[in-house]
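Read the structure below first, then the notes.
Any read-out appearing in this document is the output of simple, stated calculations on the displayed coordinates, not a laboratory observation. All values derive from a computational prediction rather than experimental measurement. Ideal geometry is used to build each Cβ from the backbone, glycine not excepted, and the neighbour counts take in all protein chains shown.
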Amino acid sequence: MIIEMEVELADKPGQLMMVIEPISKRGGNFLGIYHLRDRVKAGNIVPVLFNFEVENFNQLNQIKNDLLEANLNITRIESEVGLYYCTIILIGHVYATDIKDTIDSILNLGVLVRKVDSRIVRPEEVSSVKISIQVDSKDKIEIVYKLINEICEKKNLFAITELL
């Protein structure tokens, strides 16, 4: 499961390690670390977001306890439990057939497009687009795939999807 945790740290050398070490020691896999310098507090305290993956709540609780024992101020912890992800790769004249229309159609299903990556030389040439989608149920993945198949048929594109 993916975790987003906000911790307040003094803006001085060595503070990040106080959070990084317990997460690493407990097997957390880092996805990103972001300093929120626009929210600096009195005493030069900076909120820092740590995005990481853990396997279960037990692992997360161990990390949280380690941080609290180190007297760190955890201001927020969120997890994406109950969310599902799927990735679709579209190949063909994706841009020439209106990629915005394709993305809008996906969004109209009530899902979240997390990321769009593409490789394009010129809009009129064949391109490939990777679309990462977040849904709240496995059933919605099937609905997304059905829509993608309809779009591909209509726009003469080829889709690569994950197996369910």
| said: Percent of Cα-Cα pairs more than 15 Å apart in region 1-68, please. | reply: 50 percent
| note | With 0.36 nm assigned to each residue of separation and the Cα-Cα distance removed, LYS12 to ASN61 gains 15.0 nm
| task | Sticking with the crude label model, points 7 Å out along Cα→Cβ, report the distance from THR97 to ALA42 in nm, one decimal please. | result | 6.0 nm
| task | Report the charge-dipole magnitude of the chain in Debye, nearest 20, computed about the Cα centre from +1 at each Lys and Arg Cβ and -1 at each Asp and Glu Cβ. | result | 260 debye
| Helix axis angle, 57-69 relative to the chain longest principal axis, alpha carbon, degrees | 40 degrees
| remark: Relative contact order as a percentage, region 84-161, C-alpha pairs under 8 Å and 6+ apart, gives 45 percent
| said: How big is the dipole moment of region 2-79 about its Cα centre under a simple scheme where the beta carbon of each Lys and Arg is +1, that of each Asp and Glu is -1, and everything else is neutral? Debye, nearest 20, please. | reply: 200 debye
| Identified option (computed Kirkwood radius over Cα pairs in Å; candidates (1) 16.4; (2) 18.4; (3) 23.7) | (2)
| remark: Restricting to Cα pairs under 8 Å and 6 or more apart, the percent relative contact order of the chain works out to 24 percent
| Gain in length, MET1 to ASN73, computed as 0.36 nm per residue apart minus the alpha-carbon separation, to one decimal in nm? | 23.7 nm
| said: With both bridge residues required to lie in the chain, what share of the DSSP beta bridges run antiparallel, to the nearest 5%? | reply: 100 percent
| said: Could you tell me the calculated FRET efficiency between TYR34 and TYR85, based on Cβ-Cβ distance and R0 = 22 angstrom, to the nearest 0.05? | reply: 0.60
| query | Pairs LYS64/LYS130; LYS115/LYS155; LYS64/LYS115; LYS12/LYS41; LYS100/LYS138; LYS100/LYS140: which are spaced more than 23 Å apart, C-alpha to C-alpha? | reply | LYS64/LYS130; LYS64/LYS115; LYS100/LYS138
| request: Using a/c under 1.5 as the rounded threshold, could you call region 40-83 rounded, prolate or oblate? The axes a ≥ b ≥ c are square roots of the C-alpha gyration tensor eigenvalues, and prolate needs a/b larger than b/c, oblate otherwise. | output: oblate
| message | Rounding to the nearest 10 and keeping the result within 0 to 90°, find how far the Cα-based axis of helix 138-155 lies from the longest principal axis of the chain. | response | 40 degrees
| Label points 7 Å out from Cα along the Cβ direction at ARG122 and LYS138: separation in nm? | 4.6 nm
